[in-house]
Amino acid sequence: MAQKAIREYDGKALFAKHWEDYFSGFHYAFKSVLVTSGEELLKKAEEHGFEWLKQEPLVAKPDMLFGKRGKNDLVLFKKEKPGDVTLEDAAKWIDEKRSHPVTLLSGQSGMLTHFIVEPFTPHTQDQEYYISATVVDEDDVLYMSAEGGMEVEENWDKVVEVRIPIDMDDTSIEKEIRANVPADIPEKDRERFASFAVAFYKFYRDLNFAYLEINPFVMLDNNEIAILDLVARLDDTAGFMMKDKWGNIEFPTAFGMEELSPEEKAIAEADAKTGASLKLTILNPMGRVWTMVAGGGASVVYADTIADFAEANGGSIADLANYGEYSGGPTTGETKFYAETIFDLMTRHKDPKGRNKILIIGGAIANFTDVAKTFTGIIQAFENYAEKLKEHGTKIYVRRGGPNYEKGLKDIKEAADRLGLDIEVYGPETHVTDIVRMALEEKK
Amino acid sequence: MERLFTRDTQAIFWNNNKTAIQRMLDYDYVIKRETPSVAAIVAPTSSNKFEKFFWGADEIMVPVYKNTADAKAANPQADVLLNFASFRTAYDVTMEALEIGGFRVMMITAEGIPERLARKMNATARKLGVTVIGPATVGAIAPGAFKIANIGGTIENIINSKLHRAGSCGLVTRSGGLFNELSNIIAINADGIAEGVAIGGDRFVGSTFIDNMLRMEKNPDVKYMVLLGEVGGTEEYKVIEAVKDGRLTKPIVAWCIGTIAKHFSSGVQFGHAGASANAERETAAAKNAAMKEAGIYVPDSFNDLPKTINEVYTVLKAEGVIKDIPEPEINKIPKHRRPKHFVCTISDDRGEEATYAGFPISSVATPDTGKTIGDVISLLWFKKVYPKWATDFIETVIKTVADHGPAVSGAHNAKVTARAGKSVVESLVTGLLTIGPRFGGAIDGAAQYFKYADDNNMTPAEFLNYMKKQGIPIPGIGHRIKSLKNPDKRVEGLKKYAKEFFPSTSLLDYALTVEQLTTSKKENLILNVDGTIGILMVDMWRALGYSEEEINEFIESGTLNSFFIVGRSIGFIGHILDEKRLAMPMYRHPMDDILYNVEKAEEIK
């Protein structure tokens, strides 16, 4: 996946790190800390450079990639009245919030683990501006509005869009942005808003952001910029060019997404070490239909087809246990590891309705992956899991084509017969997803 | 551009991906192409000049270049670039090739090129009218004409999927793996494809579905199209628009994969980087419905796709739009083939008469052919037919260096060996083994250093200074007794010939300015015969159109010394035969001609 979200804290840290290169003339104090508990916050306050935590009124909120924290009542900025939150209050609030699962208005739920704490910036609603940039079709688009804060979505018609084609030169970019500064930005801020917007766009562009939004920001006296809230996604394919500029940046899992299971983590780690592609997502550990599909496109059509046939034959999407792929010419060893991981997962639970398990070893006609070689890995995994697979009444359907497929299909059929596994094997003469029909229509 | 590729299309393959290139050449052989579809390979870190590949049972050589510019300059007809660079360098390779120009189609295989770079690359290509296939693709194919790298898989699969000859379908997919699958489906349920493109899985690809389909609309071989889309993105809507406004009139069968995504709210990435639905409009279900609504043939599920294709095909066949396709004769790739251990590119003795670089020996040997030893050397050493002024010069050089009396070390060695009772060949090689940096080697050295000075625009004074710093006397300068006043007649002859017959003598002119300076220091520091030959050889090659790099290679490989070796062998053999004729006895050097200075060895304890 190319676009990855980063924490608000890390986004602000990137601004601070490159501030002088882009925003000279403006000031940014970067008073922010990222903590995982109240205790850590109190400790931070004792460090040199973080005295402000004890001296200034604070704002605290979770920093876990989800938005609408205000509407979810997850921003601490007042006890009695805005700006009266002390260090101790913030620490206590953090410990309370992280002590129980939280469900957002969107339905996502999970534990809060990361919090950003910053000084409270007194300002009025009309001082809040909005700016963001992203890619639409093939162009960058810069969005600017005098109406920032929580109201920006209700006032989206007041947002000005500037389209910036990829090959536009810097002079034209600057002209275009300046010419389009929203008319309702007050006169006293117009000039510096324009300068800030131009710098913002270049910062977004040069640091390979896929999405960058400050909502709101406030322009204080002395050209001080207060970044009150920020959302950012980076194009992680640019990581190899951005090592110095990004530093060692973290790409956290989205809130509410279950942390990876140990098996998914193991496959992800194996994937990172090989030139081939190994992917595994467990959709339902109790599911009946398990897939081991070669190829990204094929894995999608198998999932599509399983959903179609499961629903048409009295089952449901819950029957589909996993999604994933192995492709790009994995070694025999890598394939064995991948297969054993799936065999292990699928033989942990009996089907609640007492039905037999189904294993789909599918794939399109490979371009260059040696089918016999990868099937050798699956056969080795069969040897180790044959008894368990039989215990679950596993019915195996194989369909594959490509280099050396005849040998691969013959080998896997022989091995399964020898081990007493129930298997049906098909080649390119059978439609790629037809084994799904056979598997699911058969047993109603 | 009606057709993406023809049977004459040739590509430059960036990266020495031997398996993929062999697959292309196997395909070429099977479909009986006349020329290989890969004209050249670019491999920046390779020191090879060529790479051998099978062509049927035989082998052919594909030239290897260090950079795209050289490859393109040598193969201007190759207008397809197959960019197999990694995601780190693929952008630079594409941009450089766009700059060089002359490419009509570029295919980029790398997955995960930074999005900003991919956008820039695609926009630049579009502006220049270059069709980009990819990034993140397995490529494209025009069955019976040209196939990119691994697309279609093995030769067996290609034949099974009827990818060896043009059918009637224009196929576009995102996925490379499913491209093969669709080709197979179309072969089974219809008559194969006329042109197919896997556009690539990244979010930003160069040519999209609509770009390729608009071309296929104009391609008379394409009678209908099959589109396999994916969840995410809005590219399919551009196709719908084109159907609605009449830019696409041929029947289209289409399906978007990824209907599964509706069952999972978020977080699971189904398929490629480009496949993430950000809005309802981008879901597979919405796109399938919209396509159906626009009159595109959309099955109920992917599993029913073969049936729909077959229905559309059957109707077109019944209407006579699609005719029967004659199955062409194809070549078979032999099961067992062996790489050859030796390569010969200069002569061939397999035919009726042996040839020198393609010329039967009789056509260059007898006097009536007007050919000389110079001509034979130009054929066997340089694989070119040199003009007469050049072959005459070579002949002059051979004659000039043939002998220089019995006292020089090589001749002396040959004579001593002959007197020891050894054969002609043994005596000859003894003499030849003397040739090197101190004997005869000045030809190489002169060419090398004078050319270096000239290439770097050194003034004669700078050149002298440079050689002084190197600690080497200038090769080709100086004679035992000759001077400007008492010139070497051999040198005069060579210079006169060159001035009269060479198109230009730039290096000789430079060398003469150097000579002016050296002789002003010492009278006998003249340009000698070795120097003159070396320098004029460079001038000859320059005038014959060789590049400076090629000439440098001649110098480095010792080509210049070869003229000396051939010429002087004539003299050596003369001296050897002379010894035999005179029946000279074993030679023993007089003891009074040796300074004996032998001390008793010290014992080390």
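The values are calculated or read from the model by the stated rules, or taken from the named source; none is laboratory data. Since we're looking at a predicted model, the values are computed, not measured. Virtual Cβ from ideal backbone geometry, glycine too; neighbours counted across all protein chains shown. For accessibility, only protein heavy atoms count, side chains too; no ligands or nucleic acids. Shrake-Rupley method; radii C 1.70, N 1.55, O 1.52, S 1.80 Å.
Looking at the stretch B:429-443, which of its residues are closer than 23 Å to B:Pro585 by Cβ and buried (at least 21 other Cβ atoms within 10 Å of the Cβ)?
Across the stretch B:429-443, the qualifying residues are B:Thr430, B:Gly431.
What residue, among those in the stretch A:165-187 that are among the β-branched types (Val, Ile, Thr) and under 14 Å from A:Phe200 (Cα atoms), is nearest to the other protein chains (Cβ to nearest Cβ)?
It comes out as A:Ile173.
Among the numbered criteria (1) away from chain B (no Cβ under 14 Å); (2) open to solvent by less than 40 Å² (accessible area, probe 1.4 Å); (3) not in a strand (DSSP E or B), which single criterion is violated by A:Val162?
Only one criterion in (1) away from chain B (no Cβ under 14 Å); (2) open to solvent by less than 40 Å² (accessible area, probe 1.4 Å); (3) not in a strand (DSSP E or B) is unmet by A:Val162, namely (3).
What helices (runs of 4 or more DSSP H) lie completely within the stretch A:309-426 and have 3 or more residues being within 14 Å of chain B (Cβ to nearest Cβ), open to solvent by 10 Å² or more (accessible area, probe 1.4 Å) and not hydroxyl-bearing (Ser, Thr, Tyr)?
In the stretch A:309-426, the matching helices (runs of 4 or more DSSP H) lie at A:405-419.
Taking the residues in the stretch B:531-574 that are among the polar types (S, T, N, Q) and open to solvent by 10 Å² or more (accessible area, probe 1.4 Å) as candidates, determine which candidate is modelled with the highest pLDDT.
Top of the filtered list is B:Ser569.
Of the residues B:Ile185, B:Ile158, which single one is more than 8 Å from every other protein chain (Cβ to nearest Cβ), open to solvent by less than 10 Å² (accessible area, probe 1.4 Å) and part of a helix (DSSP H, G or I)?
Every option except B:Ile158 fails the conditions.
Which condition does B:Lys323 not pass, out of (1) farther than 30 Å from B:Lys52 by Cβ; (2) in contact (Cβ under 8 Å) with a residue 12 or more places away in the chain, if it passes all the others?
(2)
Considering each residue of the stretch A:291-306, count those that are farther than 15 Å from B:Gly229 by Cα and either surrounded by fewer than 24 Cβ atoms within 10 Å (Cβ to Cβ) or among the polar types (S, T, N, Q) (or both), and give that number.
Matching residues across the stretch A:291-306 total 2.
Evaluate the stretch A:92-108: report whether one residue or more is open to solvent by less than 80 Å² (accessible area, probe 1.4 Å), small (Gly, Ala, Ser) and under 22 Å from A:Pro216 (Cα atoms).
Taking every residue of the stretch A:92-108 in turn, none turns out to be open to solvent by less than 80 Å² (accessible area, probe 1.4 Å), small (Gly, Ala, Ser) and under 22 Å from A:Pro216 (Cα atoms).
If the requirement is being under 42 Å from the mean Cα position of the chain (by Cα) and exposed (fewer than 15 other Cβ atoms within 10 Å of the Cβ), which of these qualifies: B:Lys522, B:Lys499, B:Lys485?
None of the other options fit; the residue is B:Lys499.
I'm told A:Arg205 meets every condition in (1) out of contact with any helix residue (DSSP H, G or I) (no Cβ under 9 Å at 6 or more places or on another chain); (2) open to solvent by 40 Å² or more (accessible area, probe 1.4 Å); (3) within 9 Å of chain B (Cβ to nearest Cβ) except one. Can you identify the failing condition by its number?
The failed condition is (1).
For the stretch B:128-155, which residues satisfy the criterion of being touching a Gly at 6+ places or on another chain (Cβ under 6 Å) and either modelled with pLDDT under 95 or not in a strand (DSSP E or B) (or both)?
Residues satisfying the conditions are B:Gly134, B:Pro135, B:Ala136, B:Thr137, B:Val138, B:Ile148, B:Ala149, B:Ile151, B:Gly153.
Could you check A:Ala2 against (1) crowded, with 17+ Cβ neighbours inside 10 Å; (2) in the same structural domain as A:His114 (by TED's automatic domain parsing) and say which number it fails?
Tallying (1) crowded, with 17+ Cβ neighbours inside 10 Å; (2) in the same structural domain as A:His114 (by TED's automatic domain parsing), A:Ala2 fails exactly one: (2).
When the residues of the stretch A:140-159 are filtered to those that are in contact with a helix residue (DSSP H, G or I) (Cβ under 9 Å, 6 or more places away or on another chain) and either among the charged types (D, E, K, R) or within 11 Å of chain B (Cβ to nearest Cβ) (or both), which remaining residue is least open to solvent (accessible area, probe 1.4 Å)?
Step by step, filter the stretch A:140-159, then rank; the result is A:Asp140.
Could you count how many residues in the stretch A:108-139 are part of a loop (DSSP other than H, G, I, E, B) and within 14 Å of chain B (Cβ to nearest Cβ)?
Here the count works out to 3.
Restricting to the stretch B:317-365, count the residues that are of a type in the set (Phe, Trp, Tyr) and loosely packed, with under 13 Cβ neighbours inside 10 Å. Explain how you work it out, then say what you get.
Residues of the stretch B:317-365 that are of a type in the set (Phe, Trp, Tyr), as a first pass: B:342, B:356, B:359.
Now drop any that are not loosely packed, with under 13 Cβ neighbours inside 10 Å, which leaves B:342.
Summing the residues that are of a type in the set (Phe, Trp, Tyr) and loosely packed, with under 13 Cβ neighbours inside 10 Å in the stretch B:317-365 gives 1.
Do any strands (runs of 3 or more DSSP E) lying entirely in the stretch A:1-107 carry at least 1 residues that are more than 30 Å from A:Lys245 (Cβ to Cβ) and within 29 Å of the chain's Cα centre (by Cα), and which ones are they?
Filter on the stretch A:1-107 gives an empty set.
Tally the residues that are among the aliphatic types (A, V, I, L, M) and assigned to a helix (DSSP H, G or I), restricting the search to the stretch B:548-605.
Residues that pass the stated criteria total 11.
Within the stretch B:1-47, which residues are open to solvent by 10 Å² or more (accessible area, probe 1.4 Å) and among the aromatic types (Phe, Trp, Tyr)?
Of everything in the stretch B:1-47, those that are open to solvent by 10 Å² or more (accessible area, probe 1.4 Å) and among the aromatic types (Phe, Trp, Tyr) turn out to be B:Trp14, B:Tyr29.
Look at A:Lys78 and say whether it is among the basic types (Lys, Arg) and open to solvent by less than 30 Å² (accessible area, probe 1.4 Å).
No; evaluated as a whole, the condition is false for this residue.
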